[in-house]
Amino acid sequence: MSSSSKTDKKAAVDAAAWMFNVVTSVVIILVNKALMATYGFSFATTLTGMHFATTTLLTLALRWMKYIQPSHLPVSELLKFVLFANFSIVGMNVSLMWNSVGFYQVRFSKICNVCNLSTVLTWDLQNFPSTTFQIAKLTMIPVSCFLEVVLDNMRYSRDTKLSIGVVLLGVGVCTVTDVSVNTKGFLAAVVAVWSTALQQYYVHYLQRRYSLNSFNLLGHTAPAQAGSLLLVGPFLDYWLTTKRVDAYPYSLTSVLFIVLSCTIAIGTNLSQFICIGRFTAVSFQVLGHMKTILVLILGFVFFGKDDLNFHVIVGMIIAVAGMIWYGNASSKPGGKERRSSPANSSTKFQKLETADADEKV
């Protein structure tokens, strides 16, 4: 196969992986919104545990059918990953409770209303000090960059760094309407951001370090996450909502929505691992902000020009231009590459193979 054919095939697979992640992420948000807002199943952490339990069942079935080959992941690495991932989930849930999600939540509530869903929030965010949760999401990119520079010895060109700045500027102009912060919400957001960045970095690191594909890694991590979240989830959800998951009035419709949510979550979990494995955590975050732009566009489609003002249009244009610039800059030689480590370096990350550096954008 010629070099150009390989490049075209890789680009097609990359695009398919990203679209798979976008579609499953948007659909599961809509399903969870219906489940939590319309049917009152406000047990987010427990539901996430169910998601990983369902994913575990799939990986076990695929392993039994010999579609997943045996692989090895040290227990110490697994424990670190689960710690980061669970702190990410808990941190996000607590941060959403202690912060107002402002513009993003208001717009999403409108979209849910068009879909005949109740706009009642999981928690009454109006009772909490106002802030914009989107600010925390914006910090994910610089934190992920910091981790790659420090832990993975990554080097970014000037154009790549500038393009990331343009993306952050554009998304910020689109979404940030309130910068007030409360102490508890700020601390929860810090925990959520750093643990999420570490978790996403570790997905990419473990796949390369131990030659694991997405299903292999899910087969190792999903059971541990399912067990820990199902154990801790009911207590955390009771603390956040003062409601008990065992006292919830289950109905046929709500159970069907839970099953649907768990089924879609398999695709969401798998697509995240595929995308981070192919793109790295930073690129995954940059591309991930396209979901925010899609939410804004969806709001425009449903609500017309009244829901799309000048600063939102300018922000979207800036963000999309930044994403295109980032893709261009990071794919050029020297745009984003792993620097060679000194021979006497003691860091464990020098063991990582560098042959795939040019393939990960």
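Points worth noting:
- Taken together, Ser71, Ser5, Ser25 contain a single residue that is in contact with a helix residue (DSSP H, G or I) (Cβ under 8 Å, 6 or more places away or on another chain) and over 17 Å from Ile264 (Cα atoms), which is Ser71.
- Among the residues of the stretch 259-287, those that are more than 18 Å from Leu217 (Cα to Cα) and surrounded by 23 or more Cβ atoms within 10 Å (Cβ to Cβ) comprise Ser261, Val282, Ser283, Gln285, Val286.
- Residues located in the stretch 143-190, provided they are modelled with pLDDT of 85 or more, open to solvent by 60 Å² or more (accessible area, probe 1.4 Å) and more than 19 Å from Gly334 (Cα to Cα): Leu169
- Taken over the stretch 33-80, the criterion of being over 25 Å from Ala192 (Cβ atoms), open to solvent by 70 Å² or more (accessible area, probe 1.4 Å) and assigned to a helix (DSSP H, G or I) is satisfied by Leu57, Leu60, Arg63, Trp64, Val75.
The values are calculated or read from the model by the stated rules, or taken from the named source; none is laboratory data. What you are looking at is a predicted structure, and each value in this text was computed from that prediction instead of being measured. Cβ sites come from the backbone with ideal geometry, for glycine too, and all protein chains shown count toward neighbours. Note: accessible area is taken over every heavy atom of the protein model, side chains too, but ligands, DNA and RNA are not part of it. Shrake-Rupley method; radii C 1.70, N 1.55, O 1.52, S 1.80 Å.
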